[in-house]
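**Student:** Okay, here's the structure, questions in a sec.
The values are calculated or read from the model by the stated rules, or taken from the named source; none is laboratory data. No experiment lies behind these values; they were computed from the predicted model shown. Don't worry about glycine lacking a Cβ; one is built from the backbone with ideal geometry, like all the others, and counts go over all protein chains shown.
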Amino acid sequence: VGATNVARVMGWRYGVPVFLLDALKGFLPAYLAIKYFGLSPVHPLVILCGAGAVLGHVFPIYLRFKGGKAAATSVGVFLVLAPKAILGAILVWCIIVAVTRYISLGTIFGAIALCALFVYFHPDPFGDGRYLMGVSVIIALLIILRHKENIGRLIAGTEPKVGQGGAAS
């Protein structure tokens with residue numbers, strides 16, 4: 001499960017479409033809530049739609065609640081809810097991965113950067129953006145927690161780098 005694992009096992013040719021589909025899974029619920037109900041990205045219903053997509057990805061019933069790590073689906077959600085912040089977080093991810101060649105480390109730093117960039121870009125992150133700020137922190141923590149095994153491998157020096165193969169993400 002997950003774009004990184006698919007890319008490691010089958011190559012980027014397959015990993016990228018998996019990432020895009022996972023991102024779309026997060027994008028569509030939030031986007032449709034805005035489009036069809038005329039709500040703003042900081043409206044609690046829109047935020048719940050996005051958060052629900054992430055939680056459904058992480059804890060899918062059909063996989064006995066053992067799903068993905070929330071990263072790609074969160075990208076889709078935040079492209080709708082906080083596009084400047086997520087684009088900045090993606091840039092942080094790219095830099096970390098380019099420098100270290102660790103996708104997991106880039107993902108963790110990207111999740112943290114998302115929260116900081118939301119505060120930077122949102123005109124009132126602790127006023128009308130407080131619910132979205134709260135959910136972005138919760139999702140960032142969820143992403144970090146889901147990378148617990150990766151963190152252990154990073155500390156042990158056994159985490160696969162980009163181009164090394166291995167099926168653990």
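Conditions tested, residue by residue: (1) crowded, with 24+ Cβ neighbours inside 10 Å; (2) of a type in the set (Phe, Trp, Tyr); (3) modelled with pLDDT of 95 or more; (4) more than 13 Å from the chain's Cα centre (by Cα).
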residue: Val46; (1), (2), (3), (4): yes, no, yes, yes
residue: Val54; (1), (2), (3), (4): yes, no, yes, no
residue: Pro60; (1), (2), (3), (4): no, no, no, yes
residue: Ile90; (1), (2), (3), (4): no, no, yes, no
residue: Val99; (1), (2), (3), (4): no, no, yes, yes
residue: Tyr102; (1), (2), (3), (4): no, yes, yes, yes
residue: Cys115; (1), (2), (3), (4): no, no, yes, no
residue: Val137; (1), (2), (3), (4): no, no, yes, no
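**Student:** Would you mind telling me which numbered condition in (1) more than 15 Å from Thr4 (Cα to Cα); (2) part of a helix (DSSP H, G or I); (3) aromatic (Phe, Trp, Tyr); (4) without any contact (Cβ under 8 Å) to a residue 40 or more places away in the chain Trp93 fails?
**Tutor:** Evaluating Trp93 over (1) more than 15 Å from Thr4 (Cα to Cα); (2) part of a helix (DSSP H, G or I); (3) aromatic (Phe, Trp, Tyr); (4) without any contact (Cβ under 8 Å) to a residue 40 or more places away in the chain leaves (1) as the failure.
**Student:** Determine if the range 70-79 includes at least one residue that is buried (at least 20 other Cβ atoms within 10 Å of the Cβ), closer than 18 Å to Ile143 by Cβ and of a type in the set (Phe, Trp, Tyr).
**Tutor:** For the range 70-79, residues buried (at least 20 other Cβ atoms within 10 Å of the Cβ), closer than 18 Å to Ile143 by Cβ and of a type in the set (Phe, Trp, Tyr): present.
**Student:** Filter the range 57-86 down to the residues that are in contact with a helix residue (DSSP H, G or I) (Cβ under 8 Å, 6 or more places away or on another chain) and either of a type in the set (Asp, Glu) or without any contact (Cβ under 8 Å) to a residue 40 or more places away in the chain (or both) and list them by number.
**Tutor:** Once the filter is applied, which keeps residues that are in contact with a helix residue (DSSP H, G or I) (Cβ under 8 Å, 6 or more places away or on another chain) and either of a type in the set (Asp, Glu) or without any contact (Cβ under 8 Å) to a residue 40 or more places away in the chain (or both), the range 57-86 yields His57, Lys84, Ile86.
**Student:** While we're here: If you check Arg13 against the conditions, is it surrounded by fewer than 20 Cβ atoms within 10 Å (Cβ to Cβ) and over 21 Å from Met133 (Cα atoms)?
**Tutor:** Considered against the rule, which asks whether it is surrounded by fewer than 20 Cβ atoms within 10 Å (Cβ to Cβ) and over 21 Å from Met133 (Cα atoms), Arg13 comes out as yes.
**Student:** Separate question: So is Val18 crowded, with 17+ Cβ neighbours inside 10 Å and either closer than 24 Å to Ile151 by Cβ or at pLDDT below 95 (or both) or not?
**Tutor:** Judged against the criteria, Val18 is a match.
**Student:** Before we move on, is His122 surrounded by 21 or more Cβ atoms within 10 Å (Cβ to Cβ), modelled with pLDDT of 95 or more and of a type outside the set (A, V, I, L, M)?
**Tutor:** Against the criterion (surrounded by 21 or more Cβ atoms within 10 Å (Cβ to Cβ), modelled with pLDDT of 95 or more and of a type outside the set (A, V, I, L, M)), His122 does not qualify.
**Student:** Kindly establish whether Lys69 is closer than 20 Å to Gly106 by Cα and either under 13 Å from the mean Cα position of the chain (by Cα) or modelled with pLDDT under 95 (or both).
**Tutor:** Yes.
**Student:** Moving on to the next point. Here are the criteria: (1) within 22 Å of Gly15 (Cα to Cα); (2) surrounded by fewer than 20 Cβ atoms within 10 Å (Cβ to Cβ); (3) modelled with pLDDT under 95. Tell me which single one Gly127 does not satisfy.
**Tutor:** (1)
**Student:** Going through Ile86, Ile144 one at a time, which residue ends up being assigned to a helix (DSSP H, G or I), crowded, with 22+ Cβ neighbours inside 10 Å and either at pLDDT 95 or above or not basic (Lys, Arg) (or both)?
**Tutor:** Ile86
**Student:** Taking the range 147-164, which residues are touching a residue at least 12 places away in the same chain (Cβ under 8 Å) and either surrounded by 19 or more Cβ atoms within 10 Å (Cβ to Cβ) or among the β-branched types (Val, Ile, Thr) (or both)?
**Tutor:** Hits for the range 147-164 are His147, Asn150, Ile151, Glu159, Pro160, Val162.
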